[in-house]
């Protein structure tokens, strides 16, 4: 307490020009995100806090730099991201995003929680303390996402309660089990109630929900949604009092479709998020800085886009000292050469320079030791072709999962497929491929089988343990032999991504941390991912979308229309299992 009081006194004296400041960034065009205007001024910093915005040049400091008239904006805030989707643990993740000006992220560790429960959450919280950025956590609300699949853990309200008082925990993450909310499930309501009792934020997940269902979410206390894919959906949620997080990730790219909903009257209720974005795209594009660039390209006034990415996000998540360049706020600063690309030149975090000319100044980080159980989380049984057999009794009609490239949604398609000896045969000409989800957590022996259209594989198979949200083993292929080899390779390397063709492993990216994240440096993981993408082109030379990220959401039974879990084919619209084979008589009736 004594040290805190001393620092506060020093900061006050610096603000009154009675003590030299620690640092001044002179001659800056300072973004005023409250009034949406620029101010020519010096930024004066003491103890990591902005103590003055000086337009008269009267302050002095121990250290100074000259912005030379460049634009200076607050550090950017990602309102919702699953760090696991970057394939890096939090400390390593921070290295790749700080150069893009992202100084704060709000993460939901429900990927690792679905594999390792509370031990996974603790690992993410502890490793986040080693990061160069601020990483805040929303506690996973739906583990598993539904009762129609098997995850590695089940988290009830009592499991989450001890985390609610931790400093870096901001609330309850995306409530995706909407039937549990709308039906008044006691444990779900308890999760919400205990979060409210701690005055924290509750995130929503309203994929495909109508205004009536959103009404139920609002009455339950849910405050945000990042699942809008149209401007009309966004308008409904804003009208009903929610914050809308405009998502631009790797698979779900919704910014251009949602942005028309933003106007001068409602703009303060919008912010940006990434949700899921792969390592290579994060390195190349960044995240929230990329969203700002796209918004400006679409015609949004630059300061308005910056406001969404800073002040709005900070206020939504009760980050009272972030998101603004003004006295009393944390000195997270970004220097830009221009306002068209939002490409940071220099970045300061808590008043300390961390990026210069686009390069991270220090890459030395500590890493949290990974618990052995998290490193040995993949338990795929030895399988045969018989285990992957999809049998047909009296028709050749099938319920087929039709993907939408780079989107989370899928469509239910009914079509005639190739059947020999009462067994489905994949057909590359019509792009009807075999799909399987294998339970990999508890040796249950569950195998969900289905048919998928849209991946365009001409040969071989692909497999992964990144299969939202339960993260069972997921394989898609043109033949059983390559599918079995891919699964066997996943087991041997304890998870990751595999590309196989003609009985040969073309490329593999091990993700040994819960089958979700790599334990190598970001640079090495990026090279492995690049090799993986090259190998995919051998299976589909015309591939023009993010195959693995699109594939990873094919097992998530809370996103419309049809998915595959370890318990079988699932109709999300009607929230029930359906068979692969379509009964001929039912087809005629319909």
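Observations
- For residue 462, the criteria (1) surrounded by 17 or more Cβ atoms within 10 Å (Cβ to Cβ); (2) in contact with a helix residue (DSSP H, G or I) (Cβ under 8 Å, 6 or more places away or on another chain); (3) farther than 25 Å from residue 253 by Cβ hold in every case but one, which is (3).
- Scanning segment 567-585 for residues that are at pLDDT below 90 and either touching a strand residue (DSSP E or B) at 6+ places or on another chain (Cβ under 9 Å) or crowded, with 19+ Cβ neighbours inside 10 Å (or both) returns 573, 583, 584.
- Members of segment 17-31 found to be closer than 12 Å to residue 45 by Cα and either out of contact with any helix residue (DSSP H, G or I) (no Cβ under 8 Å at 6 or more places or on another chain) or crowded, with 20+ Cβ neighbours inside 10 Å (or both), listed by number: 17, 21, 22, 23, 24, 25, 26
- The set of residues in segment 291-307 being touching a strand residue (DSSP E or B) at 6+ places or on another chain (Cβ under 9 Å) and surrounded by fewer than 24 Cβ atoms within 10 Å (Cβ to Cβ) consists of 294, 302, 303.
- Number of positions in segment 39-52 that are within 35 Å of the chain's Cα centre (by Cα) and either free of Cβ contacts under 8 Å to residues at least 12 places away in the same chain or surrounded by fewer than 21 Cβ atoms within 10 Å (Cβ to Cβ) (or both): 3
- Conditions (1) without any contact (Cβ under 8 Å) to a residue 40 or more places away in the chain; (2) closer than 20 Å to residue 381 by Cα: number failed by residue 419: (2)
- Looking across segment 308-323, the residues that are assigned to a loop (DSSP other than H, G, I, E, B) and either surrounded by 24 or more Cβ atoms within 10 Å (Cβ to Cβ) or modelled with pLDDT under 95 (or both) come down to 317, 323.
- Filtered by the rule that a residue be touching a helix residue (DSSP H, G or I) at 6+ places or on another chain (Cβ under 9 Å), crowded, with 23+ Cβ neighbours inside 10 Å and under 20 Å from residue 49 (Cα atoms), segment 333-354 gives 334, 347.
- Exclusive hit being loosely packed, with under 15 Cβ neighbours inside 10 Å and not in a loop (DSSP other than H, G, I, E, B), set 219, 258, 244: 219
- Here residue 147 meets the list (1) surrounded by 24 or more Cβ atoms within 10 Å (Cβ to Cβ); (2) out of contact with any helix residue (DSSP H, G or I) (no Cβ under 6 Å at 6 or more places or on another chain); (3) under 22 Å from residue 566 (Cβ atoms) almost entirely, failing just condition (1).
- Checking each residue in segment 512-547 for being over 15 Å from residue 459 (Cβ atoms), in contact with a helix residue (DSSP H, G or I) (Cβ under 9 Å, 6 or more places away or on another chain), assigned to a loop (DSSP other than H, G, I, E, B) and in contact (Cβ under 8 Å) with a residue 40 or more places away in the chain picks out 512, 514, 515, 516, 518, 519, 521, 546.
The values are calculated or read from the model by the stated rules, or taken from the named source; none is laboratory data. Small disclaimer: the values here were computed from a predicted structure and weren't measured. Backbone-built Cβ (ideal geometry, glycine too); neighbour counts: all protein chains shown.
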